[in-house]
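Down below is the structure, laid out as structure tokens.
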Amino acid sequence: MCRPRCAMGTATSWDPPTRPSVLRVPNDAVTDLDDLTPVVRRLLADRGPRAGAVTVIAVDGPSGSGKTTLAADLGGDLDALVLHVDDMHQGWTGLLETVALARHSLVDAWTRGEAASHPTWDWEDSVRGSDRAVPQADLVVLEGVGAFAIAGDAATARVWLDAPAEVRHDRSLSRDGEVFATHWDVWADQERQLYAASPVAEDADVRVDTDVRVDTGEAAAPGHDAAGGPSLTLLVAGVVAVALSMRTLMTSVPPLLPQIREDLGLSSVWLGVLTTLPVLCMGLLAPASARLGLRLGVARCISIAMVAVAVGNLVRGFGHEVFALYLGTFCAGAGIALAGTLLPGVVKSSFPAGRAGLATGLQMLAMMGGAALAAAVTVPLAAALGDWNLSLGFWGLVAVAGLLVWAPVDLAVHRGGDHDQHPPDLSHRLPWRSTTAWLVAAYLAIQSWQFYSSLAWLSPTYVSHGWSAQDAGLLLSVFTGAQFVSGLVGPALTDRVGDWRIPLVGAGLCGVVGQAGIWAAPEAAPWVWAVLLGAAQGSAFAIGLVLLVRYAVSPAAAARFTAMAFLVSYTIASMGPTTMGAVRDLTGSYSVIWLVLAFLMVAQVGAALTLKPGRAPVR
């Protein structure tokens with residue numbers, strides 16, 4: 001939903017209700033509601049309260065016209081309580097029922113001088129929820145589809161918003177995601193029925209056209225959009241630069257494990273902790289990351305995250321010290337947790353709903369590209385720099401470069417102000433009651449257990465078969481390089497196919513073949529096994545990230561959903577490398593690891609089948 005603002009220099013006059021004023025606003029300009037607020041104040045002063053002692057301002061209009069953000073700003077200017085009809089809707093087909101229920105529990109109660117409440121809906125069980133008490137207030141802004149009908153003659157002022165259908169459609173999908181796309185036609189039919197029988201634009205006191213653009217004669221600064229925020233090009237460059245450092249911490253270690261084991265005398269279990277620790281950070285710190293994003297802002301938090309990633313990697317480059325190795329891993333892992341939790345919300349708020357898969361694919365392309373590069377060049381870097389610790393520290397410089405690319409995005413966001421396209425959602429509650437959220441979390445837990453276990457033990461497996469560390473590192477780079485491609489292709493497919501379970505199941509079957517090949521015939525076709533397994537893991541994880549965007553109803557919901565899914569999945573998956581290392585120590589062979597992982601891949605396919613597109617959205 002675009003943030004409606006009044007055009008600079010637009011004169012607004014108010015006539016009596018027989019001829020509503022038309023207030024034209026640009027849907028992207030960032031100014032104040034200087035023109036609208038005085039008109040509404042005059043109406044309030046002339047008419048007074050009409051719902052008992054309560055004065056009601058009704059803000060109505062079809063979906064995507066800009067009601068929510070305008071009402072939030074108007075409520076702030078007037079110090080009014082803002083109520084959202086969206087919080088009252090009785091499911092996707094209950095608009096008319098909502099009007100009747102809300103009028104009885106809200107307006108009729110105010111008129112009688114009684115405590116008011118409003119209906120709710122349990123979206124998980126698709127049943128009516130318990131009524132929610134409404135705080136006592138003298139001035140209320142009631143916004144949403146049906147606000148005019150709910151308020152009726154009790155409305156002191158009526159504000160109507162509208163925009164062309166295609167504009168509203170794009171706004172609604174950008175705000176609410178694919179969950180609204182499947183219900184758009186049904187919802188639009190209900191709106192037409194409601195507005196055919198209830199007061200509409202002709203009965204409004206003020207009409208707001210949120211599609212008119214005003215040419216101020218000023219060009220946007222390079223790297224900024226007309227509203228002062230970061231341009232899409234700058235944002236894409238920043239996301240890619242950050243994503244490049246999201247996996248180098250983990251993929252730079254496995255090719256060097258034989259040297260680290262020899263120099264520091266670590267067991268397989270403790271070597272597995274080097275991969276486990278950042279994954280554990282990504283899980284346990286995800287909820288705190290989401291809250292920090294709400295407090296400081298997403299862009300600023302990602303800058304802080306990149307500082308932590310850079311410092312952590314650089315710390316690993318200081319000497320052959322066990323303490324420095326694990327401290328640096330923890331520090332960088334915390335940074336990865338912070339950035340990784342917030343990036344899906346950036347994709348949700350910045351890219352059209354129909355392009356969420358492509359945007360996530362670009363993020364995955366960069367992430368897996370950095371992982372493949374780290375796996376391929378870590379051993380040659382160690383030889384060139386003279387020691388393995390310097391090779392690990394080098395990736396701190398890559399993170400510094402990523403921070404420099406992201407910094408203009410951070411500066412543009414804070415220079416331009418708040419560019420969220422919806423009112424801020426201050427809820428910190430994770431969606432623990434959502435069945436959809438739990439199913440996605442379970443799927444990601446199985447997938448991530450396999451990925452990080454494969455990442456940790458693919459190279460050592462082939463070193464045990466007589467391969468050199470450099471050749472085993474190249475095999476690992478092929479594994480991550482295949483993800484480089486499938487991580488882009490898999491999410492893009494979700495933009496084209498109606499059911500994302502199709503690519504998910506296909507990826508799982510490829511993974512089973514790759515893992516079974518490494519277990520049963522590791523030397524028969526090692527490069528083929530690596531490609532199959534990498535392609536499977538890359539697309540499976542990338543599509544999982546798409547689901548965090550597609551199932552969420554808003555960017556804030558996506559951040560909470562991501563935090564909950566990462567907390568569950570990464571905490572479980574963090575035990576994978578260490579557990580598989582213990583299996584190797586107990587059996588004396590790496591082959592059993594791949595047998596276990598093959599069975600887990602079958603379970604992953606089963607979990608994917610539960611993730612149908614029509615599942616209840618995550619709020």
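Of all the residues in segment 106-132, those that are under 35 Å from the mean Cα position of the chain (by Cα) and in a helix (DSSP H, G or I) number 1.
Quick one: which residue in 530, 472, 456, 482 is in a helix (DSSP H, G or I) and within 21 Å of residue 362 (Cβ to Cβ)? The unique qualifying residue is 482.
Residues in segment 579-612 that are within 24 Å of residue 432 (Cα to Cα), out of contact with any Lys or Arg (no Cβ under 8 Å at 6 or more places or on another chain) and not in a helix (DSSP H, G or I): 610 only.
For (1) modelled with pLDDT of 85 or more; (2) surrounded by fewer than 18 Cβ atoms within 10 Å (Cβ to Cβ), each residue gets a yes or a no:
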| position | (1), (2) |
| --- | --- |
| 106 | yes, no |
| 157 | yes, no |
| 168 | no, no |
| 186 | no, yes |
| 189 | no, yes |
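Among residues of segment 372-384 that are under 11 Å from residue 256 (Cβ atoms), those with a Cβ under 8 angstrom from a residue that is crowded, with 24+ Cβ neighbours inside 10 Å and charged (D, E, K, R), sequence gap 6+ or separate chain, pair up as 374/247. One residue stands out among those in segment 138-154 that are over 14 Å from residue 74 (Cβ atoms) and surrounded by 17 or more Cβ atoms within 10 Å (Cβ to Cβ): the one that is nearest to the chain's Cα centre (by Cα), which is 145.
Which residue, of 289, 267, 303, is hydroxyl-bearing (Ser, Thr, Tyr), under 20 Å from residue 581 (Cα atoms) and in contact (Cβ under 8 Å) with a residue 12 or more places away in the chain?
Step by step, each of 289, 267, 303 is checked, and only 267 is hydroxyl-bearing (Ser, Thr, Tyr), under 20 Å from residue 581 (Cα atoms) and in contact (Cβ under 8 Å) with a residue 12 or more places away in the chain.
For segment 561-589, a residue qualifies if it is open to solvent by less than 20 Å² (accessible area, probe 1.4 Å) and under 30 Å from residue 612 (Cβ atoms), and the qualifying residues are 561, 562, 563, 564, 565, 566, 569, 570, 573, 574, 576.
Pairs are defined by a Cβ separation below 7 Å, a sequence spacing of at least 6 or placement on different chains, a first member in segment 464-492 that is closer than 25 Å to residue 384 by Cβ, and a second member that is open to solvent by less than 10 Å² (accessible area, probe 1.4 Å) and at pLDDT below 80; the pairs so defined are 480/368; 484/368. Looking across 536, 525, one residue alone is more than 28 Å from residue 68 (Cα to Cα), of a type outside the set (S, T, N, Q) and in contact (Cβ under 8 Å) with a residue 24 or more places away in the chain. It is 536. For segment 74-104, the tally of residues that are in contact with a Ser or Thr (Cβ under 9 Å, 6 or more places away or on another chain), buried (at least 21 other Cβ atoms within 10 Å of the Cβ) and part of a helix (DSSP H, G or I) stands at 3. Report yes if some residue within segment 512-526 is over 23 Å from the mean Cα position of the chain (by Cα), acidic (Asp, Glu) and part of a loop (DSSP other than H, G, I, E, B); otherwise report no. So far as segment 512-526 goes, yes, one or more of its residues are over 23 Å from the mean Cα position of the chain (by Cα), acidic (Asp, Glu) and part of a loop (DSSP other than H, G, I, E, B). The set of residues in segment 108-142 that are of a type in the set (A, V, I, L, M, F, W, C) and at pLDDT below 90 comprises 121, 123, 127. Filtering segment 50-72 to residues that are under 25 Å from the mean Cα position of the chain (by Cα) and surrounded by fewer than 24 Cβ atoms within 10 Å (Cβ to Cβ) leaves 63, 68, 69, 72. Being touching a residue at least 40 places away in the same chain (Cβ under 8 Å), under 20 Å from residue 68 (Cβ atoms) and more than 27 Å from the chain's Cα centre (by Cα) is a property that holds for residue 81. Pull out all pairs, ordered by first then second residue, where Cβ-Cβ is under 9 Å, the residues are six or more apart or on different chains, the first lies in segment 316-343 and is on the phi > 0 side of the Ramachandran plot, and the second is among the polar types (S, T, N, Q). Once the first residue is on the phi > 0 side of the Ramachandran plot and sits in segment 316-343, its partners that are among the polar types (S, T, N, Q) give 319/389. Condition (residue is open to solvent by less than 40 Å² (accessible area, probe 1.4 Å), farther than 18 Å from residue 598 by Cβ and at pLDDT below 85) applied to segment 500-516: is it met by at least one residue? No, segment 500-516 contains no residue that is open to solvent by less than 40 Å² (accessible area, probe 1.4 Å), farther than 18 Å from residue 598 by Cβ and at pLDDT below 85.
The values are calculated or read from the model by the stated rules, or taken from the named source; none is laboratory data. Remember, predicted model here, so these are calculated numbers, not experimental data. When we count neighbours, we look across all protein chains shown, and the Cβ atoms used for this are built from the backbone with ideal geometry, even at glycine. In case anyone asks, the SASA skips ligands and DNA or RNA and just uses the protein heavy atoms, side chains included. Shrake-Rupley method; radii C 1.70, N 1.55, O 1.52, S 1.80 Å.
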